[in-house]
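The values are calculated or read from the model by the stated rules, or taken from the named source; none is laboratory data. The structure displayed is predicted, hence computed values, not measured ones. FYI the Cβ positions are ideal-geometry reconstructions off the backbone, even for glycines, and counts take in every protein chain you see. Note: areas computed on protein heavy atoms with side chains; ligands, DNA, RNA excluded. Shrake-Rupley method; radii C 1.70, N 1.55, O 1.52, S 1.80 Å.
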Amino acid sequence: MRNIGNQRLNGLLPMIHVCGDMEMVPQISSTIMLAILRSVCIGSFDGTSYGPPHEKCGILRGRGNRITEAMSARNVSPTPTTAFEIDPAALIRAHQLARRRGGLAIFGYFHTHPVGDASPSSRDAAGAMPDGLLWLIASRTEAKLWRAVDNGVVHGRFDPVVFDLKVGNRCAQRVGGVTLR
């Protein structure tokens, strides 16, 4: 990822609608997690033929400690099979929606790694701001949650984050990741 667009937006939009609480244990519904995991293997279509899967990306939104929406965004990276860049228009839209009365806060971002694991790449680290926001990364077999921070344990930018996984009325607490079998 070269630039998720947030770097361009920081000076333009008030950040009061962003959830960067470092102590919070986020809760993610299994429905959102499954939708992101399923998207990893979907091939790309250029209008005439299908190609290898592109990295999918979007914005995680919610309220309190609950991530209730994964808002898909167009990947505008010039190399979408190996990198992602969230469409700046989607970021602006997410911020506008968050500022509305009752709007969902921005918790962070998600993207997929069609090739590789669910750990941040050095490219991810180079494009991430240490703003405390969450990054959900999904591969073909697993998904993990990370927080973008200064001096993180992965590439100096990311720390792993445990989360609660809500499945129906039950909640698996302090999950380190989700693995498909």
Quick check: anything in region 90-102 open to solvent by less than 30 Å² (accessible area, probe 1.4 Å) and in a loop (DSSP other than H, G, I, E, B)?
no
Selected residue (criterion: modelled with the highest pLDDT) from residues of region 150-171 that are exposed (fewer than 15 other Cβ atoms within 10 Å of the Cβ) and among the aliphatic types (A, V, I, L, M)
153
Being out of contact with any Leu (no Cβ under 8 Å at 6 or more places or on another chain), on the phi < 0 side of the Ramachandran plot and open to solvent by less than 10 Å² (accessible area, probe 1.4 Å) is the filter here; which residues of region 126-136 pass it?
127, 128, 133
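Report yes if some residue within region 11-21 is surrounded by 21 or more Cβ atoms within 10 Å (Cβ to Cβ) and modelled with pLDDT of 90 or more; otherwise report no.
To start, the set of residues in region 11-21 that are surrounded by 21 or more Cβ atoms within 10 Å (Cβ to Cβ) comprises 19.
Of the ones still in play, those that are also modelled with pLDDT of 90 or more are none.
No: region 11-21 contains no residue that is surrounded by 21 or more Cβ atoms within 10 Å (Cβ to Cβ) and modelled with pLDDT of 90 or more.
For (1) under 16 Å from the mean Cα position of the chain (by Cα); (2) in contact (Cβ under 8 Å) with a residue 60 or more places away in the chain, each residue gets a yes or a no:
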{"site": "74", "(1), (2)": "yes, no"}
{"site": "85", "(1), (2)": "yes, yes"}
{"site": "91", "(1), (2)": "yes, yes"}
{"site": "103", "(1), (2)": "no, yes"}
{"site": "110", "(1), (2)": "yes, yes"}
{"site": "128", "(1), (2)": "yes, yes"}
If I ask for residues that are within 15 Å of the chain's Cα centre (by Cα) and among the aliphatic types (A, V, I, L, M), which ones from region 150-179 would you list?
161, 162, 178
Candidates 123, 147, 174, 140, filtered to the one that is touching a residue at least 24 places away in the same chain (Cβ under 8 Å), open to solvent by 50 Å² or more (accessible area, probe 1.4 Å) and assigned to a strand (DSSP E or B):
174
Pick from region 103-120 the residues that are assigned to a loop (DSSP other than H, G, I, E, B) and more than 22 Å from residue 76 (Cβ to Cβ): which of them is most open to solvent (accessible area, probe 1.4 Å)?
117
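Each row is one residue, and each column tells you yes or no for (1) surrounded by 18 or more Cβ atoms within 10 Å (Cβ to Cβ); (2) at pLDDT 95 or above; (3) in contact with a helix residue (DSSP H, G or I) (Cβ under 6 Å, 6 or more places away or on another chain).
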{"site": "43", "(1), (2), (3)": "no, no, no"}
{"site": "49", "(1), (2), (3)": "no, no, no"}
{"site": "54", "(1), (2), (3)": "yes, no, no"}
{"site": "70", "(1), (2), (3)": "yes, yes, yes"}
{"site": "82", "(1), (2), (3)": "no, no, no"}
{"site": "85", "(1), (2), (3)": "yes, yes, no"}
Mind listing whichever residues of region 63-78 are more than 25 Å from residue 25 (Cβ to Cβ) and aliphatic (A, V, I, L, M)?
73, 76
